[in-house]
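Working notes for the structure below.
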Amino acid sequence: MAQDPDAALMLAFQRGDATAFRALYERHARAMVGFCHRFVKDPARAEELAQDVFVKLHRSAAGYSPRARFKTFLYRVATNHCLNELRRGEYAGRLASPGAHQQEPDAAPDLDALPSDDASPFQALEAGRLAEAVTALLARLPEKQRAAFVLCRFEGMSYEEIAETLETSVSAVKSLVHRATVAAAEALAPFGPAAAAGETGAMP
Amino acid sequence: MSHPLDDLTALLDGALPPARHAEVERHLAGCAACRAERDRLAGAVARLAALPPPPEPSPWFLSKLEARLADEPAPDLRSRGILASLAAWKWRLAVPATAVAAAAAMAVFAVRQQRADEAALAQHLELLEEYELVASLGDVETAEDAAVVASLDELSPRKEGRP
């Protein structure tokens, strides 16, 4: 694992090099904020969660050993923190409004996520509805499925890396990712097949 | 063979062993229903891959993080805490990484070390679950173990109802 530059930075930080930690979070800030975004809708909250992850990383740096791949170490901390946050949110939500749905479907599409260049209003609307459908899908998934699915589909991890991150077996990951992908196929069916031009035409 | 529906996502992700991959492909060649299901899943995967990326961090993300880190103590690697000895003991016996096994191991440990460590262990028993996580992260070697591990309770996927 010596060739892992992140592991090298972590070890340098353990030896007292504070700039090494700075390099670490500068390298991973964007990915972490994006990852946390898959668990909470509010951008400010996603940023707080990502900051929490780096603070936890800072606190546990002394116990880090390059035996664990840095990437899976980081995402394990992040996944557990985000799932914990969801549980807290659901608990608070249940207390506040016992009959309310966990995830309100009335939220406006995330405008930041829309293609802003020369997409037509129709395409922009479609993209917004698609983003909403994905958000709703993620909220419906059981938490392990959700974590495995996000790591696979949005973070581009291999099943082996996901297994290491979630501390489970590759065959369990295979099953989690498969069930979530089946659910995604159902949830995204109304949008038709993906088309290169961003249209939602009929299957050839 | 029976319809390999459960392997279709892994097939698309290139995650099947080569022999199984070839076997599933052979089945697909002769089974329209499975091909249709594969295409349905592939469509969803392509849809997801084409989604715009999540928003960028705000311009103040790094400065806020720096402000929070400024309040954190620097890591200290020189001294060892009780969890370090627990970790060493655990690795020697190669106890399976389950909370149950760890709890059983802890019970044995507690009996053996009763006179010396009973008080300290009592304080740390509640950290067992976190200890599983920490042990999995690698060596646990510092005096700050207790503090670090205590702060890790939020990371445990099994903990619920904590404030």
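Among the residues of region A:40-54, are any among the charged types (D, E, K, R), closer than 22 Å to A:L166 by Cβ and modelled with pLDDT under 90? So that I can check it myself, show each step before the final result.
Taking region A:40-54 as the starting set, the residues that turn out to be among the charged types (D, E, K, R) are A:41-42, A:45, A:47-48, A:52.
Next cut, closer than 22 Å to A:L166 by Cβ only: A:52.
Then drop every residue that is not modelled with pLDDT under 90, which leaves none.
No, because not a single residue in region A:40-54 is among the charged types (D, E, K, R), closer than 22 Å to A:L166 by Cβ and modelled with pLDDT under 90.
Looking at region A:155-177, which of its residues are assigned to a loop (DSSP other than H, G, I, E, B), in contact (Cβ under 8 Å) with a residue 12 or more places away in the chain and under 14 Å from A:K71 (Cβ atoms)?
The answer is A:E155, A:M157.
What number of residues in region A:5-21 are surrounded by 14 or more Cβ atoms within 10 Å (Cβ to Cβ) and more than 8 Å from chain B (Cβ to nearest Cβ)? Spell out how you get there, then give the answer.
Filtering region A:5-21 for residues surrounded by 14 or more Cβ atoms within 10 Å (Cβ to Cβ) gives A:6-14, A:20-21.
Then keep just the ones that are more than 8 Å from chain B (Cβ to nearest Cβ); that gives A:6-12, A:20.
Selection size over region A:5-21: 8.
In the set A:D42, A:D4, A:D17, which member is in contact with a Phe, Trp or Tyr (Cβ under 6 Å, 6 or more places away or on another chain) and of a type outside the set (A, V, I, L, M, F, W, C)?
Numbers: A:D42 fails: in contact with a Phe, Trp or Tyr (Cβ under 6 Å, 6 or more places away or on another chain); A:D17 fails: in contact with a Phe, Trp or Tyr (Cβ under 6 Å, 6 or more places away or on another chain).
Every option except A:D4 fails the conditions.
Of all residues being in contact with an Asp or Glu (Cβ under 6 Å, 6 or more places away or on another chain) and over 18 Å from A:R22 (Cβ atoms) in region A:50-80, which is surrounded by the fewest Cβ atoms within 10 Å (Cβ to Cβ)? Just the residue, please.
A:S65
Residues to consider are B:L65, B:L12, B:L28; find the one that is modelled with pLDDT of 95 or more, within 30 Å of A:E126 (Cα to Cα) and among the aliphatic types (A, V, I, L, M).
Numbers: B:L65 fails: within 30 Å of A:E126 (Cα to Cα); B:L28 fails: within 30 Å of A:E126 (Cα to Cα).
Within the list B:L65, B:L12, B:L28, the selection yields B:L12.
Can you pull out every residue in region A:36-72 that is more than 7 Å from chain B (Cβ to nearest Cβ), assigned to a helix (DSSP H, G or I) and either of a type in the set (F, W, Y) or under 18 Å from B:W60 (Cα atoms) (or both)?
A:C36, A:A44, A:R45, A:A46, A:E48, A:L49, A:A50, A:D52, A:V53, A:F70, listed by residue number.
Looking only at region A:22-35, decide whether some residue is at the interface with chain B (Cβ under 8 Å from one of its Cβ atoms), within 13 Å of the chain's Cα centre (by Cα) and either of a type in the set (V, I, T) or on the phi > 0 side of the Ramachandran plot (or both).
Yes - at least one qualifying residue is present in region A:22-35.
Tell me, which residue of region A:22-44 that is surrounded by fewer than 18 Cβ atoms within 10 Å (Cβ to Cβ) and without any contact (Cβ under 8 Å) to a residue 40 or more places away in the chain is nearest to A:K71 (Cα to Cα)?
Here the answer is A:R27.
I'm trying to understand the selection: among the residues of region A:128-146, which are at the interface with chain B (Cβ under 9 Å from one of its Cβ atoms) and in contact (Cβ under 8 Å) with a residue 40 or more places away in the chain?
Residues of region A:128-146 that are at the interface with chain B (Cβ under 9 Å from one of its Cβ atoms), as a first pass: A:130-131, A:134, A:143-144.
Hits for region A:128-146 are A:L130, A:V134, A:E143.
How many residues are part of a helix (DSSP H, G or I) and away from chain A (no Cβ under 11 Å) when one looks only at region B:21-45?
Going residue by residue through region B:21-45, those that are part of a helix (DSSP H, G or I) are B:21-29, B:32-45.
The next check asks that each one be away from chain A (no Cβ under 11 Å); those that pass are B:21-29, B:32-35.
Residues meeting the conditions: 13.
Report, by residue number, each residue of region A:180-192 that is within 17 Å of the chain's Cα centre (by Cα) and of a type outside the set (G, A, S).
A:T181
The values are calculated or read from the model by the stated rules, or taken from the named source; none is laboratory data. Everything numeric here is computed off the predicted structure, so don't read it as measured data. For neighbour counting, all protein chains shown are included, and Cβ atoms are generated from backbone atoms with ideal geometry for every residue, glycine included.
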